[in-house]
Every structure is written in C-alpha cells, then in structure tokens.
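The values are calculated or read from the model by the stated rules, or taken from the named source; none is laboratory data. All values derive from a computational prediction rather than experimental measurement. Neighbour counts run over all protein chains shown; Cβ positions are idealised from the backbone, glycine included. Please note that ligands, DNA and RNA were not included when accessible areas were found on the heavy atoms of the full protein model with its side chains. Shrake-Rupley method; radii C 1.70, N 1.55, O 1.52, S 1.80 Å.
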Amino acid sequence: MTAIAIEDLVFRYPSGVTALDGVDLRIDPGETVAVIGQNGAGKTTLARHLNGIHRPTSGTVRLDGRDTAERSIASLSASVGYVFQNPAEQLFASTVRADVEFGPRNLGRGEEEARRLADRALEATGLTPFADHHPYHLSPADRKRVALAAVLAMDTPVVVLDEPTTGQDHAAVTRIARIVAALRDEGRTVVAVSHDMDFVAENFARVVVMAQGRVIADGTPGEVFTRSADLERARVEPPQMLRLAAELGWARPVTTVPEFLDALRAGPSGRG
Amino acid sequence: MIRFRDFTYAYPTGEAPVLHGVDLEVRPGRFHGLVGASGSGKSTLAMAAAGFIPHAQGGESTGEVTVGDLVVADTPLPDLVTRVGLVQQDPFDQISGARFTVREEIAFGCENLGVERGEMVRRVDEVMERLRIAPLADRSPYELSGGQQQVVAVASMLVMRPEVLVLDEPTSQLDPAGSRMVVEALAAVRATGMTVLLVEHGLELLAEHADELHVIADGRIVAEGPPADILTDPRLDAWGIGRTRFTAAAAEARRDGLWPRSRPLPATLDGAAAGFRAAANGELE
Ligand SMILES: Nc1ncnc2c1ncn2[C@@H]1O[C@H](COP(=O)(O)OP(=O)(O)OP(=O)(O)O)[C@@H](O)[C@H]1O
Ligand SMILES: [Mg+2]
C-alpha cells in the first residue's frame, strides 16, 4: 500500500510563476482526499507531482518512503494513475478501447488481462457503447470519462482525479461517486481535485484547501467547511447543506443531505 | 434577441437529427438558462444560435434561427460575430493564438470590431477588473490554469458587448466564487439590453439568477419556465437533470412531514431557509 509524503514542495514554471510555495502533505494508504481551492491555487500542479509529470523545483515527494525523484515516469505510473484536467492532453489513440487498453498493456499486464481491465473500466464509466468510437468524436464530458477509464484500467494503488465531474451530467456524477466509493472499498488511495463542494462533502473523508501555492486548511468536511475565513481566502463556498444549516442558526456542521435530515429529525437537541 | 423556429438539425456525419423542431426565444435584456443531460443537444443548440452551425459545421437543417433581424443561415459568419458572441465549452479552443498576453487576447475581438483604441483599453481594464483577472494581464494565455483560461474566454466575449451572448458551460472549471462572479456578471449585463443564453450544470446559480430555463432532452425542448418551477418539477429525473440539495432535502423532509405542506419545494438557499424556518415555527400545513 502506498503512502504519499510531500515535504516543503516548491515548483516554479519556466515562465517564473511559483505555482507551489512550500506544500507539506501526508496521505495514508486508503484515504479519500479532495483538494479544493481557488483557480490557479496550484492544485493541478500538485497533482501532477504525484506521478512525476512535474518534478519539484525543491522539496520532496515520496511514495512509500521512496523519493519520486529517483523513479522514472514509467515506474511511477504503475503506482499512481493521474486523470488529466484536460483530456486532450491525455488521450491519443484512435479508438476509446485502444486508449483504455494502452495503460495496462504498457504496464505489461498481458493481452487478455489488459482487455479484462479495460472492459471493467469502460463498464464503470458507462462507455461500453462507445468502445469503438474515436475519442475525438465524443462530447467533452464523455471524453473526460475516457480519460478516467484509461486510468482505472491501470489498476494503480493511487488514483488522482483532476476535476472528474467537470461538465458531467447528473447520471455521470453519480457514476463517478460510485467509482470513488468502489476504489475506497478496495483500499486504494483516491485524491481528487474538485470545485463541486457538494460532491466533495458527499464522497471524501478528508478535504485539503489550497490558496496561492500552499495548503491552508486540512481536515474532515465538517471541520474544513466551517472555517469561513480560510474558505473565503480560497474562494470556496461551503456545500449547500452547510450554508442552509448556518442560515437556520444550527451549530452542528452538517455537510450532506442525509446529515441535514438526521439533524432535522433529531429536533433542536440534535442541531447543536 | 435569439429565436429558434421549428429548427431541426443533423450533423453532416450523422444520420439522425440532433435537434428536433426546436422553438425557443430569448428576448433582449433577458438571461435564460439551457439545461439537459449529456448528449441532449445543448452545445449544438448553442452553436446554432451563434451561427457556427451551419457556417462552420455544415449539416442539414429545416426551420430557422434568427438573431435580431438577421437570419443566421443567410448571414456570413464575419457579420454574425459582431452581433453574437459564443463562449465555447473548451476555453482552450477559444484562445486566438494570435496574441501574446492575456490583455491582448481579451482586446483581440474589439480590435477586429474596430473599437477605438481609448475605448478598447477602458473596456478591457473594466472587464479584467470585474472578473478579477487583472493580475494575469501580462501572462501568456497558454500559461494559465484551466479555470483562469475559462475566465479569460468569458472576458474576451463580454468585452465585445455583443447584442447576444451564448455561453456553453463557461463555469465548469471555476472555483465556487468564480462561478458566482461570472453568473452575476451575466445577470448584470441584462441592464445593457444584452440577450444571454447560458448552458450550465450549476443549478443553484441558475435558480438564483436566470429569468427562465429551457429543458432539452434528446434534441427537443421538453419544458420551459421560471427556474423555481423547472428546478422543482417532478420530471427532473426523467430529464436527466439533478436537483439542488435544497430541493432534495425539502422533498425528503416533506415525506416525513417536516416541510410545510402548502409550500412549493425550494431551489435556492433563501427558499429552503424560509420553509424550514416556517416548519420550525409550527407551520406544517
Ligand atoms: N503551463 C504553465 N506555465 C506557466 N504557468 C502556469 C502553467 N500552468 C499553470 N500555471 C500557473 O501556475 C499556477 C498554478 O496553476 P494550477 O494549474 O496548478 O492551478 P489550479 O489550482 O489547478 O487551478 P484551476 O482550478 O483553475 O485548475 C497559476 O498561477 C497558473 O497561472
Ligand atoms: Mg487545475
């Protein structure tokens, strides 16, 4: 099982922009972690360090105690799957199936196993009917799920999702939530960047807030979403249910619909 | 104004039409939202409103789309782009590639329109200020985060002050405050008489700001009306549109007798808070 340990990570783009300005973060095996925060906060830049697309300007990223600087992208990709924010950067094959099978084949999983893993990933993402289509001919939302399927098929212990629900409709968001839950149940580590606070509250046990290249808050959804000064700095709004509870003057930090209803049914004593 | 009259359209590559007999009207100074499941035809409709269909995409159509007094199919694209702005779904597709900085990128459309220089500089500064991207002014548009690119795409269209503005999921990658800021900016330009049609998954913001919503399913407009009605309609699931958590929570509470029975379900924070407050004060009929 793979633990992630990031210490004093600084990253500067060639243009001179300092995108990460001293990030410290530890993620244990099997955690589900959402990374939230303002546009340009450095979330994608951070995510891309986990599988070696970006290399630290200074500081370290360790996987299972081993410095990623000592590992090739090929070796890292067996441990960490990263779903790009923009699928155009990730996909290159001429059919959906070829894109999804590429990862497991490339990891040496063998013809039959690659096919099985791809079938499973296509099914989970709802893309089985599009297996023979050209990814370029799909809608952006479907293409984004091809990128997700391609990473799922690699069967990695760590899965990093960069804005998985962008442009997805209700049914697809529900599917993605199921995928996150299934990965969690299999004991994998899931790190997802997201701007959808309701999705975050409903599906992740831990929330990391970034602003200006740093982590400014870290905790459970209930803890993080009540830190209004940090949220404001990160240009984030709490989930709908927490805003409603606050409006009703409840002290109890409910972040999801089931939590809200539990507190409602419990009466005034259950609302803190 | 945008008007679709019995508009049916098929892409050159596809056999079956993607839009079927669409009738839709957005009057000047109004802000309408278009909602629907993936693949229902939202982007196609947006492109048809802006003339990318048929002018760039080709395909077969019947019926008519008009923008103000212009019939879209009969008006060359260069004449249309001065009247209708389209913010495309993928902001990357929209970067002109012709300019080096964010400031120049945003000014590019105004230059093409022949807006006088002093006026152009004023407008560009104003829109960058309003959308909080002034700090990015001297960056390359290619060296931005996904969300930053998306705001630049919106700014590049707003600055041209088109008569009609069509936006295809322009907030999909924005932080929550950024999404709110963009939708509020769209609500504000109503005052200038601009006609706005927004394709959007963020139901809460539509509930708060849109004048009217159109629901599209399998290429047909299946419902339209005020957001408060559309977003609490029992057919939402069949249409493949989610509900706000406010609506979901109130619906569930109503089953338990914890939501005032005579009150409609809410789609906004204010509506939900008012209903639950009333229930707490004993109003359950
Ligand atoms: N290719 C690049 N070249 C130079 N600077 C970049 C590049 N990509 C991003 N940046 C800058 O680095 C900083 C962090 O960007 P990053 O993409 O990591 O942000 P993000 O938190 O993922 O934002 P978003 O929510 O918009 O995706 C920003 O200031 C951004 O403008
Ligand atoms: Mg990003």
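Counting only protein heavy atoms and a probe of 1.4 Å, the accessible surface of the protein assembly as shown is 49% carbon and sulfur.
From the alpha carbon centroid of segment A:35-80 to that of segment B:1-61 is 42 Å. When chain A is treated as a GNM with alpha-carbon contacts under 10 Å, the residue of A:108, A:213, A:81 showing the greatest mean-square fluctuation is A:108. Note on A:227-237: average number of Cβ atoms from other chains within 10 Å of each residue's Cβ is 2. In order along segment B:118-130, the phi-based Karplus estimate (6.51 cos²θ - 1.76 cosθ + 1.60, θ = phi - 60°) of 3J(HN,Hα) comes to x, 4, 5, 4, 4, 5, 5, 4, 5, 5, 5, 5, 4 Hz; Gly and Pro are listed as x. Between B and A, buried accessible area from a 1.4 angstrom probe totals roughly 3300 Å², ignoring ligands, DNA and RNA.
Legend: residues in segment B:227-267 shielded by at least 20 square angstrom of accessible surface upon adding the remaining protein chains to the isolated chain (1.4 Å probe, heavy atoms) are B:240, B:242, B:245, B:246, B:249, B:252, B:256, B:258. Over the Cα atoms of the protein assembly as shown, each weighted equally, I'd like the Debye log10 I(q)/I(0) at q = 0.10 Å⁻¹, rounded to two decimals. Here the Debye-derived log intensity ratios amount to -0.88.
For the protein assembly as shown, the solvent-accessible area works out to 40 Å² per residue, with a probe of 1.4 Å and every protein chain left in place. Note on chain B: with charges restricted to the Cβ of Lys and Arg (+1) and Asp and Glu (-1), its dipole about the Cα centre is near 560 debye. Using a probe of 1.4 Å, the accessible surface attributed to residue A:144 totals some 10 Å² when neighbouring protein chains are kept in position.
The distance separating the Cα centre of segment B:125-179 from that of segment B:231-285 comes to 34 Å. Altogether, the Stokes-Einstein calculation at 10 °C and 1.306 mPa s, with the Kirkwood radius of chain B over Cα pairs as Rh, returns a diffusion coefficient of 80 µm²/s. When the Cα positions of A:140, A:22, B:128 are compared along the charge dipole of the protein assembly as shown, A:22 comes out farthest toward the positive end, with charges on each C-beta of Lys, Arg, Asp and Glu.
For residue B:7, nonlocal amide neighbours, meaning residues 5 or more places apart or on other chains whose placed amide H falls under 5 Å from its own, are B:21, B:22, B:23, B:64.
With unit charges on the beta carbon (Lys/Arg positive, Asp/Glu negative), name the residue among B:4, B:59, A:5 whose Cα is farthest towards the positive pole of the charge dipole of the protein assembly as shown. Going by the charge dipole, the pick is A:5. What fraction of the DSSP beta bridges in segment B:2-243 is antiparallel, stated in percent and rounded to the nearest 5? Approximately 55 percent, going by the DSSP bridge assignments.
Note on exposure: A:8, A:169, A:132, A:21 ranked by accessible area (1.4 Å probe, complete protein assembly) read A:132, A:8, A:21, A:169, with the most exposed listed first. Give, ordered by residue number, each residue of segment A:84-124 whose 1.4 Å probe accessible area is reduced by a minimum of 10 Å² on adding the remaining protein chains to the chain alone. Those are A:85, A:86, which lose 10 Å² or more relative to the chain on its own. Rounded to whole Hz and in sequence order, give me ³J(HN,Hα) for segment B:72-83 from the Karplus expression 6.51 cos²θ - 1.76 cosθ + 1.60, θ = phi - 60°, writing x for Gly and Pro. Ordered by residue, 3J(HN,Hα) equals 4, 5, 9, 10, x, 3, x, 6, 5, 5, 6, 10 Hz.
Look at the dipole of the protein assembly as shown built from charges on Cβ: of B:46, A:124, B:223, the Cα furthest out on the positive end belongs to A:124. Residue A:79 sits with roughly 20 Å² accessible to a 1.4 Å probe, with DNA, RNA and ligands left out of the calculation. Near residue B:223, the amide H atoms lying under 5 Å from its own belong to B:215; only residues 5 or more places off or on other chains count, and H is placed 1.01 Å from N. Taking the Cα centre of segment A:5-66 as origin and assigning +1 to Lys and Arg Cβ atoms and -1 to Asp and Glu Cβ atoms, the resulting dipole is close to 260 debye.
Loop-located GluC sites (Glu not before Pro) across segment B:63-150 with a Cβ neighbour count of 11 or fewer within 10 Å are B:116, with loop assigned by DSSP. Amide H contacts under 5 Å for residue A:216: A:209, A:210, A:211, restricted to partners 5 or more places along the chain or on a different chain, H placed in the peptide plane at 1.01 Å from N. Which shape class, rounded, prolate or oblate, goes with segment B:244-285 when its Cα gyration tensor gives a ≥ b ≥ c as root eigenvalues, a/c under 1.5 marks rounded, and past that a/b bigger than b/c marks prolate? Oblate.
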